[in-house]
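Asks: Here's a structure for you.
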Amino acid sequence: MLTAGALEQNERIAAKRELFEASERMCNLMSLAIYQVDNNVGGDLQAQLAGELDRLRERLLVMGTNLMVEKLRKIGVRAEAVLREGNYPLGLAGKLDMAYSALVSNLTMLKGFDRLGDEERATIEVTKSRIVQLASIERGLGLLVDVSRDKPRRSRAIAG
């Protein structure tokens, strides 16, 4: 049975997850909007829309940076745990790398790297390093064989 404290904790976790997912969607929409304004709009309207997008980017950056850095930290902790324990789930490095890349892409789009402190920058670097190390180990395990290099086998027809 859940206690009131556990229920509140679950609600906070769910709310944080929803907020993070909403900020990811906003980042994707911002990227599309920036592309459209930069490539398909000109003159005074382009300057006006670019200014509005910059203000929206600023608000999103304030709200989302901490969530993105926290998520990056969790990715790094997961990679570190796998490296320490020595159990390498197949494809985990790829999944972690995709999540890492999406977060870094969002931070780049928001121009958030300028606002990060040394600790956050170190977290990003260490996380990437752990993912690269994990990917290298996965490749070394030989689990992902490049089948394009295999010679085709000829099957023998079975006489009936």
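The values are calculated or read from the model by the stated rules, or taken from the named source; none is laboratory data. Treat the numbers as computed from the prediction; the structure is a model and nothing was measured. Positions of Cβ are generated from backbone atoms using ideal geometry, with glycine treated the same way; all protein chains shown enter the neighbour counts.
Asks: For region 59-71, indicate whether the set of residues that are part of a loop (DSSP other than H, G, I, E, B) and either of a type in the set (A, V, I, L, M, F, W, C) or loosely packed, with under 10 Cβ neighbours inside 10 Å (or both) is non-empty.
Replies: There is no residue in region 59-71 that is part of a loop (DSSP other than H, G, I, E, B) and either of a type in the set (A, V, I, L, M, F, W, C) or loosely packed, with under 10 Cβ neighbours inside 10 Å (or both).
Asks: Go through the residues of region 10-17 one by one and say whether even a single one is more than 26 Å from the chain's Cα centre (by Cα), over 23 Å from Leu103 (Cβ atoms) and part of a helix (DSSP H, G or I). Quick ask: steps written out before the conclusion?
Replies: First, the residues of region 10-17 that are more than 26 Å from the chain's Cα centre (by Cα): none.
No, there is no match, as no residue in region 10-17 is more than 26 Å from the chain's Cα centre (by Cα), over 23 Å from Leu103 (Cβ atoms) and part of a helix (DSSP H, G or I).
Asks: Of the conditions (1) surrounded by 12 or more Cβ atoms within 10 Å (Cβ to Cβ); (2) closer than 24 Å to Arg55 by Cβ; (3) without any contact (Cβ under 8 Å) to a residue 60 or more places away in the chain, Asp114 satisfies every one except a single condition; which number is it?
Replies: (1)
Asks: Hey, another quick one. So Ser101 fits all but one of (1) under 30 Å from Leu56 (Cα atoms); (2) touching a helix residue (DSSP H, G or I) at 6+ places or on another chain (Cβ under 9 Å); (3) hydroxyl-bearing (Ser, Thr, Tyr); what number is the exception?
Replies: Against the list (1) under 30 Å from Leu56 (Cα atoms); (2) touching a helix residue (DSSP H, G or I) at 6+ places or on another chain (Cβ under 9 Å); (3) hydroxyl-bearing (Ser, Thr, Tyr), Ser101 comes up short only on (2).
Asks: Same structure again: Does Leu90 satisfy being in a loop (DSSP other than H, G, I, E, B), modelled with pLDDT under 85, more than 15 Å from the chain's Cα centre (by Cα) and closer than 23 Å to Val132 by Cα? I'd like the intermediate steps shown before the answer.
Replies: Working: in a loop (DSSP other than H, G, I, E, B): yes; modelled with pLDDT under 85: yes; more than 15 Å from the chain's Cα centre (by Cα): yes; closer than 23 Å to Val132 by Cα: yes.
In short, yes.
Asks: Could you tell me whether Ile34 is in contact (Cβ under 8 Å) with a residue 24 or more places away in the chain and either over 19 Å from Ile124 (Cβ atoms) or not in a helix (DSSP H, G or I) (or both)?
Replies: Details: in contact (Cβ under 8 Å) with a residue 24 or more places away in the chain: yes; either over 19 Å from Ile124 (Cβ atoms) or not in a helix (DSSP H, G or I) (or both): yes.
Yes: the conditions hold for Ile34.
Asks: Please verify whether Gly51 is surrounded by fewer than 14 Cβ atoms within 10 Å (Cβ to Cβ), part of a helix (DSSP H, G or I) and of a type in the set (Gly, Ala, Ser), treating the condition exactly as stated. Don't jump to the end; show me each part of the working.
Replies: On the way: surrounded by fewer than 14 Cβ atoms within 10 Å (Cβ to Cβ): yes; part of a helix (DSSP H, G or I): yes; of a type in the set (Gly, Ala, Ser): yes.
Judged against the criteria, Gly51 is a match.
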